[in-house]
1. Does anyone have the angle between helix A:400-411 and the longest principal axis of chain A? Alpha-carbon axes, 0 to 90°, nearest 10?
2. Which residue, A:139, B:67, A:488, has the largest displacement toward the positive end of the dipole of the protein assembly as shown when charges sit on each Cβ (Lys, Arg +1; Asp, Glu -1)?
3. Lysine pairs in segment A:319-440 with Cα distance under 26 Å, only those 8 or more apart or on different chains: how many are there?
4. Given the pairs A:42/B:92; A:89/A:193; A:42/B:62; A:185/A:235; A:91/A:178; A:118/A:185, which are separated by over 22 angstrom at their Cα positions?
5. Report the FRET efficiency, 1/(1 + (r/R0)^6), for residue A:293 and residue A:15, where r is their Cβ-Cβ distance and R0 is 56 Å, rounded to 0.05.
6. What's the average, rounded to a whole number, of partner chain beta-carbon atoms within 10 Å of each residue's beta-carbon in A:153-162?
7. If you place +1 on the Cβ of every Lys and Arg, -1 on the Cβ of every Asp and Glu, and leave all else neutral, what size is the dipole of segment A:319-440 about its Cα centre, to the nearest 20 Debye?
8. On average, how many beta carbons from a partner chain sit within 10 Å of the beta carbon of a residue in A:48-61?
Amino acid sequence: MSAAAKTQVKPEKSKNLVRGATGDWEVVIGMEVHAQVASNSKLFSGSSTAFGAEPNSHVSLVDAAMPGMLPVINEECVKQAIRTGLGLKAKINRRSVFDRKNYFYPDLPQGYQISQYKQPVVGEGEVEIDIDGEAKRVGIERLHLEQDAGKSIHDQSPEYSYVDLNRSGVALMEIVSKPDMRSAKEAQAYVTKLRTIMRYLGTCDGDMEKGNLRADVNVSVRRPGDELGTRCEIKNVNSIRFIGQAIEVEARRQIEIIEEGGTIDQETRLFDSVKGETRSMRSKEEAHDYRYFPDPDLLPLEFSQAYVDDLKQHLPELPDEKRARFMKEYGLSAYDAGVLVAERESADFFEAVFDFAPPGKPGALAKGRDGKLAANWVINELFGRLNKEGKDVATSPVSAKQLGGLVGLITDGTISGKIAKDLFEILWTEGGDPAAIVEARGMKQVTDMGAIEKAVDEIIAANPDKVEQAKAKPNMLGWFTGQVLKASGGKANPAAVNELLKRKLGI
Amino acid sequence: MQVDEATVRRIARLARIKITDEEAKGLRQELNGILDWVEQLSEVDTGNVEPMTRVVAQDLKKREDVVTDGEMAADIVANAPLAEDNFFVVPKVVE
């Protein structure tokens, strides 16, 4: 982080500035995200990474740092780090080195953390975030592999702390950004995007509640265009909402100190979400001195370009590419495409909607023609309902196949949009095959012009006063359409009704 | 390179080793002796020599991503001065 902090950065647009008592301030944010590598076993041992086990049950003699134990690296963790690096469009370092970062804490039995210091496995890259429809790039400084520590529990006893080493030795990717973010919103968008990318890649579950994605947030403030100010590091913020809150209160705290003539001490702070404040964590005399040196138990990590290329070939389509493809293939708006690709499961569901009937078969959907309609049904009707009922795509009562069937019935004119909502309700609560339901319950749109004409004539005959009004005010037509649709139980085709009405009313 | 007594005390503190002032004096001499000796090595020009990481040609050994270890909590805490419900119990540490 220190090298990056010296980088000169362009002054920011005024909309991101924070108003202080003595003028505007610019907030500069960089982040170190710790992402737990998705793997079965730990970085240097064969014990399990599964969450929520009995205390110390997922601990080997290596994790407990018993004398004479030697670390042997889990190759899958290396691959996961490379995949993540590729997803961040980053330089992959074919030679990297593991170092010991020395410090004492009861949940670190080795007395050092195996990490990477001067030669990380992944170098510079970038992440594109979207802020109110505007793309912005956030630079990645590096990504390295390291061990997680164990867990200390302090609230069980007034005299003792309890230590569980289950997490000790689990592989983490520390992803360090450049100080490129200028607001809490940008920082949140960055972490959200990182999480999305890693979940697409399958390299990190990104479950913040289980602590497998945590962020250290570096915040400083300066006058627009000035040199970077002194930064404070807020440790271990574990939700995207808290990241936003922590940045807001920390920036405010620093601005107040400087405006009152004080200076900022470079220090590590802790965000207290209950009190909504940051607090100093360590006193200065405890200043870090990690005495890094290459771990003599581990040879340098080396692999060939072919090894990297092979991993690259098997990467899934990433969110940015998928979004571009959705806009092109399905004719979606940037916003809709963005909503759909935010989670891989959502994007897959949307695409599966089109698979329910092969092209050429009755009711088959065409991507370009029906993309927007399908997206509408997936996002507004289905996701809206899922959200409301606390469900997600995986537990959705309506399958992609059913929703595809429903959309197909709309596009081929079998049912109206209004009836489709009733059909959706039936699919949600009772399930079943959309076409069969429509058939069995007489929900088909009336295309029999004779029947529609009869309804139109009746409405006209019953409302001579409205007919006069409509002749003077053609937008009265809507009222007639409504009446006819109501009389048909929503089954008349609105376009056909409109057509007929216009003719009969002479407008 | 030479170290002074303050540095010796700092190194000891970082290593969590308690030393007396008397010991610090002795350790300073010892450490400086070692540093003098290492200093001699700097006289050799190693500008074009790769740092040696292995004696025989071999690559970093790797493991497959399978669970082969663990499930022995009682053994893990067996040597702990204090344990409870398979947790290590240590004097309170609060930041």
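1. Relative to chain A, helix A:400-411 is tipped by roughly 40 degrees.
2. Farthest towards the positive pole: A:488.
3. Lysine pairs satisfying the spacing and distance rule in segment A:319-440 number 28.
4. A:42/B:92; A:118/A:185
5. Taking R0 as 56 Å, the efficiency between residue A:293 and residue A:15 is 0.75.
6. Across the residues of A:153-162, the mean count of other-chain Cβ atoms within 10 Å is 4.
7. Numbers: 15 positive and 19 negative charges, 68 e Å.
It works out to roughly 320 debye.
8. Numbers: counts 6, 2, 2, 0, 0, 3, 4, 9, 14, 7, 6, 9, 7, 5.
For this peptide, the per-residue mean of nearby foreign Cβ atoms is 5.
The values are calculated or read from the model by the stated rules, or taken from the named source; none is laboratory data. All figures in this text were calculated on a predicted structure; none of them were measured in a lab. Neighbour counts are summed over all protein chains in view; Cβ atoms, including those assigned to glycine, are modelled from backbone coordinates with ideal geometry. Heads up: the accessible areas ignore ligands, DNA and RNA and are worked out on the full protein's heavy atoms, side chains in. Shrake-Rupley method; radii C 1.70, N 1.55, O 1.52, S 1.80 Å.
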